[in-house]
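Below is one structure, written out as structure tokens; the observations come after it.
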Amino acid sequence: MEIDGLRRPARPALESVLGRYSALMRTGRVTEPLIAHSGTGTLLRGFALLEALELAHAVRAPTVLVDDGEFEVVGEDPLRAAREGRIIDEGSFSISIRGEEPTVDVPLSELLGSPGSAGRRVYSSTLDLMLGDWPTPLVRLRFGSGAGREVWAKLEWYNPFSLSVKDRTAWAMVADAARRGCLGGAIYEASSANTGLALSALSGVMGISCRIYLPSTAAEGVDAYFSAMGAEIVRGPEPLTVRMLGRVMGEAARDGAVVLNQFENDANFKVHLKYTARELREQLEAAGRRPDYIVGALGTSGHMSAISFYFKSVLGDSVRTIGVQPAPGTSIPGMRRVETGMKWLRFASLDGIVDVTPEEAMDGVRSVARSDGILVGPSSGAVLAAVTKLDLKGTIAVVMPDSGFKYGGLLASALGGARSAARIP
């Protein structure tokens, strides 16, 4: 049955979904069906399996349709919840089938759709551009390659709205809220830059208002980007976005706005599990490579936790995953230390976490600019610095969250770009 045709009155816990997802990745088979009501298409059992199948890019699922009288509900009634438009807890009810329990054994490959599209790159809207242009590019760098090591970089600034990996997060959170009917007419969000830029852009596209709360450490000049997109900006004294959440939540409740909350919203993790991680694996396979290491920056922990979980599920411990954080007492835009709290890090099974100073991050920015001609952002520079700092060997995949073009002031002060230009007589 087509997945999109199923109504979902219950939402499963992320832990349950990831358990099913990991099993799907290991075995490549579906061994139990979904149970759905024949008259309404309402899912009765298999909510975690359904989400796991979606994360694996399935568009169909083996489904058994049952009529009234062929099943028994204990607890809350999912059919009633569906009629009333409510979402109930998956654990608040159970479904038993009268008669023999159905079983299936279907290869996952028979259920899959395409993870993206190609062609001549003509799109009917900017949203179609973002979704249709995935995967973002993967390129072999001259930086760090040689002497038993090659570095492959996934360039996330090819996303069109924020020119960063955060387009994925913003789109996933907005789409999830819209699907659940709780998007409303205004979005309030705390962001240091990129998530806010992506939400500002998407809000404009969708015709809703947006207010972004910036911490004191947000790059100077970024306000102009938000203003150009029509977002309202509130700068606070807090140095970290997570410390602004209480204020954001309170003002949103007062004004009837929705806070998507990139730090707690599971859509952040899921979009990288479904798209970013799979793209990276397929791109490496197309290049004839199997990663020995994957290195990425830690901020909300969404993309790196999902990538690590995916590759550990598919390849096991043969691939080692490394997170990168700012050194104690320092700050790097878009990054945080793990002790500030990261929801999804518990799923990552990282093999190590590396401290990088802002100076080391800027050395990485400068080095790759001169070796490969690309200007990366500070968090990307930190990831590259970690690769050389650890002297990793083998095939190394790195995720470049954004480019350096939003950080003119920071680059000028750190790299000496503010020097007077030489006069030519």
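Quick notes
- Checked against (1) buried (at least 16 other Cβ atoms within 10 Å of the Cβ); (2) of a type in the set (A, V, I, L, M); (3) in contact with an Asp or Glu (Cβ under 9 Å, 6 or more places away or on another chain); (4) under 30 Å from residue 314 (Cβ atoms), residue 88 passes all but condition (4).
- Check on residue 300, of a type outside the set (Lys, Arg) and touching a strand residue (DSSP E or B) at 6+ places or on another chain (Cβ under 8 Å): no
- Some residue of segment 115-132 being closer than 17 Å to residue 48 by Cβ and either assigned to a helix (DSSP H, G or I) or of a type in the set (Lys, Arg) (or both): no
- Condition check for residue 97: of a type in the set (Val, Ile, Thr) and under 33 Å from the mean Cα position of the chain (by Cα): no
- Selection status of residue 176, of a type outside the set (A, V, I, L, M), surrounded by fewer than 22 Cβ atoms within 10 Å (Cβ to Cβ), farther than 16 Å from residue 196 by Cβ and assigned by TED's automatic domain parsing to the domain that holds residue 194: yes
- Of all the listed residues (41, 19, 113, 99), the sole one being over 28 Å from residue 346 (Cβ atoms) and out of contact with any strand residue (DSSP E or B) (no Cβ under 9 Å at 6 or more places or on another chain) is 99.
- Near pairs, Cβ below 9 angstrom, 6+ apart or cross-chain, from segment 84-99 (under 17 Å from residue 49 (Cβ atoms)) to any residue that is of a type in the set (A, V, I, L, M, F, W, C) and assigned to a helix (DSSP H, G or I): 90/47; 90/48; 93/81
- Counting only helices (runs of 4 or more DSSP H) that sit completely within segment 1-90, those holding 1 or more residues that are under 25 Å from the mean Cα position of the chain (by Cα), on the phi < 0 side of the Ramachandran plot and outside the structural domain of residue 272 (by TED's automatic domain parsing) correspond to 14-27, 47-55.
The values are calculated or read from the model by the stated rules, or taken from the named source; none is laboratory data. Quick caveat, the model's predicted, so the values are computed rather than measured. Virtual Cβ from ideal backbone geometry, glycine too; neighbours counted across all protein chains shown.
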